[in-house]
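Accompanying notes for the structure given below.
No value in this document is a laboratory result; all are computed from the given coordinates. Not measured: the values here are computed from a predicted model. Please note: Cβ atoms are built from the backbone with ideal geometry, for glycine as well, and neighbour counts cover all protein chains shown.
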Amino acid sequence: MKMATALQLTTDFSKRTVLLKPSLEFTTIPFHFRTSLSIRRASSSSSYSDSSLVSRRHFVSETAALSLSITTLPLFGSILPAKAEDPTLSEWEKVSLPIDPGVVLLDIAFVPEDPKHGFVLGTRQTLLETKDGGETWVPRSIPSAEDEDFNYRFNAISFKGKEGWIVGKPAILLHTSDSGDSWERIPLSSQLPGDMVYIKATGEKSAEMVTDEGAIYVTSNRGYNWRAAVQETVSATLNRTVSSGISGASYYTGTFNSVNRSPDGKYVAVSSRGNFYLTWEPGQPYWQPHNRTVARRIQNMGWRADGGLWLLVRGGGLYLSKGTGLTEDFEEVPVQSRGFGILDVGYRSKDEAWAAGGSGILLQTTNGGKTWTRDKAADNIAANLYSVKFIDDNKGFVLGNDGVFLSAPTSHLLWNEFSHSFKSPQLPPLQKRQPDGSPRACRVVAYYGLKKPPYKLDALEPYMSQRTLEVHWGGHHRNYVEGLNKQLEKSDILYGCTFDELVKATYNNGNPLPEFKNAAQVWNHDFFWESMQPGGGDVPQLGVLQQIEKDFGSFTNFREKFTEAALTLFGSGWVWLVLKREERRLQIIKTSNAISPIVWGDMPIISLDLWEHAYYLDYKNDRGKYVDAFMNHLVSWNAAMARMARAEAFVNLNEPNIPVA
């Protein structure tokens with residue numbers, strides 16, 4: 001498949017629109033939305049643009065972001081605009097970003113001529129701006145991107161001087177010549193092969209743009225004309241070279257899983273299935289495919305500061321190339337990833353680098369990658385960390401899902417001295433549908449992590465002791481998480497699903513798969529911890545109380561029925577207050593063992609764990625006393641109110657299978 005050697009920008013002044021047209025013959029490649037996310041740094045985004053839906057989601061969930069500086073760690077809170085809070089005892093400070101829950105941060109860049117002026121972007125058309133080096137962040141809107149029925153996903157941003165570029169999906173290209181004070185949209189042809197996933201500002205009026213199908217275009221006149229740097233797509237190259245012995249080439253789906261550029265303009269990309277990788281150097285007419293020399297599939301690849309390559313495999317393996325330049329000779333480096341996937345590596349210098357991945361994994365090397373040390377304090381970040389970016393030797397960032405944002409403005413920080421417990425954000429919801437209404441499949445990103453309860457382990461005493469939490473959460477719950485991850489290592493089928501999707505898929509319509517028990521128990525326990533709070537109990541307020549009185553006659557009747565259900569549950573299991581989707585009413589249900597009501601489409605409001613290990617240390621065999629303590633002193637009606645409002649919003653909007661945890 002030959003690609004045009006140039007894309008020419010023409011302006012139709014009568015219609016006041018700008019069109020990008022091919023200047024030479026071009027084989028049409030229809031623009032469409034694929035059924036799976038193909039770029040590593042994106043686990044999910046939402047296609048919904050209805051402002052009322054966003055506000056409903058926003059008020060029942062918060063987005064956490066963390067930044068690392070030479071100051072200290074403040075208390076958690078949420079303010080607009082995002083602002084670093086007061087210091088406490090650590091080198092960390094917390095920043096609450098003014099973004100929707102579930103946003104995945106994808107890229108960050110600063111203006112070279114004004115190092116304090118920068119932008120961070122991500123899914124759901126997220127674009128934030130700082131003018132004080134990252135102390136505060138405020139939302140930016142692009143008027144030309146808001147007049148369509150799309151919710152753009154901004155993939156990449158780059159600056160050179162005062163000129164900057166942003167690319168996103170669906171196809172959108174933005175340009176600024178005034179350090180981002182204003183952004184101009186440059187329309188693109190629908191014949192562009194693939195989705196734009198990377199852009200690099202290379203000089204005055206110049207940039208280099210890459211799509212996930214391997215097209216590389218360069219411009220030297222602010223995007224008015226684009227010249228193709230490669231002569232054909234990767235699919236076409238593989239069709240010519242399929243007999244050359246590239247393993248997995250016949251399974252190539254036509255897109256990259258990741259692509260990274262070296263400072264001197266070389267590229268390395270990983271195929272969508274991770275079967276092989278490809279390289280390209282300036283002047284080459286085609287991408288060069290390479291067999292992977294490791295057993296496991298490749299997750300991501302990139303460039304070291306010394307010009308060599310690093311390679312990540314699924315399951316947490318890290319390899320470094322021998323020597324510098326392009327090579328197929330790699331050797332494995334031992335890392336303590338605990339089996340969680342490592343997703344990216346960023347080099348501060350030739351000696352110092354950081355690796356980040358699933359479940360808050362952070363690793364550091366200070367000897368060029370020979371040995372890596374895990375930052376154990378970061379284990380409490382129950383989020384996937386997708387990207388490590390170093391702006392210069394003195395400033396770096398780690399970007400993750402749910403707005404998790406880590407900043408390291410000083411060199412050689414001793415992360416292993418940090419011991420503060422982070423609040424763990426939720427796992428992100430997976431986009432259910434494409435903008436055209438077609439279903440979107442889940443995509444592999446990483447393993448699942450152990451979420452920490454939203455309070456200290458001694459905060460529920462004397463009604464639930466710290467010892468019970470240490471055994472129940474730190475033992476039983478942790479075992480479910482580790483057991484699930486071991487099961488997921490054996491198959492690619494279930495990678496990348498959110499917890500609610502994983503539970504439903506493994507339930508298998510009543511014929512549970514081997515992974516179901518661990519998956520459901522992880523989901524149930526995450527939900528249970530958040531169903532309690534210090535100083536809980538008493539009577540609910542507002543809408544929850546009104547709905548309970550409507551569906552049960554009175555709160556007293558509800559309490560009696562809930563207690564009766566708990567005391568009559570045979571064996572081990574759970575008692576739930578759920579919102580029945582079809583009937584639109586509250587109901588108390590009992591489930592045995594690990595069953596969660598989400599497998600039937602019910603929307604849980606509160607839950608009570610009735611496995612013996614939940615109460616034996618505090619109440620021995622007196623289940624009744626445990627249930628009374630839960631109802632009188634522990635149950636979180638605040639959480640119930642938020643879940644109720646969220647569930648009602650989704651039911652009213654007829655949204656299917658929305659995660660509720």
Contour minus Cα-Cα span, Thr373 to Leu567, at 0.36 nm per residue, comes to 65.0 nm
Dimensions in Å of the range 92-231 - Rg and Dmax from alpha carbons: 14.8, 48
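On full extension of the chain, what length is gained from Glu331 through Lys620, given 0.36 nm per residue of separation minus the C-alpha to C-alpha distance?
On the way: separation 289, 0.36 × 289 = 104.04 nm, distance 5.37 nm.
That works out to 98.7 nm of additional length.
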What is the spin-label model distance, in nm, from Glu482 to Glu648 if the labels are put 7 Å beyond Cα along the C-beta direction? 4.3
Which one, Gly571, Trp611, Gly553, is farthest towards the positive end of the dipole of the range 466-649 when Lys and Arg carry +1 and Asp and Glu -1 on their Cβ? Gly553
Pseudo-spin-label distance His613 to Glu470, built 7 Å along Cα→Cβ, given in nm, is 1.6
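For each of Arg348, Arg467, Arg240, count neighbouring Cβ atoms within 10 Å of the residue's Cβ, then give the residues from fewest to most. Write out the running numbers ahead of the final one.
Values: Arg348 21, Arg467 13, Arg240 10.
Neighbour counts put them in this order, fewest first: Arg240, Arg467, Arg348.
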Where labels lie 7 Å past Cα in the beta-carbon direction, separation of Glu146 and Arg296 in nm: 4.4
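Looking at this model, which pairs from Lys456/Lys550; Lys205/Lys266; Lys456/Lys490; Lys169/Lys517; Lys451/Lys590 are more than 29 angstrom apart at the alpha-carbon? Can you show the working numbers first?
On the way: Lys456/Lys550 35 Å; Lys205/Lys266 21 Å; Lys456/Lys490 35 Å; Lys169/Lys517 37 Å; Lys451/Lys590 24 Å.
Violating the 29 Å limit, Cα to Cα: Lys456/Lys550; Lys456/Lys490; Lys169/Lys517.
Could you please rank Met641, Met464, Met603, placing first whichever residue has the fewest other Cβ atoms within 10 Å of its Cβ? All intermediate terms of the calculation are to be shown ahead of the outcome.
Numbers: Met641 18, Met464 25, Met603 22.
Neighbour counts put them in this order, fewest first: Met641, Met603, Met464.
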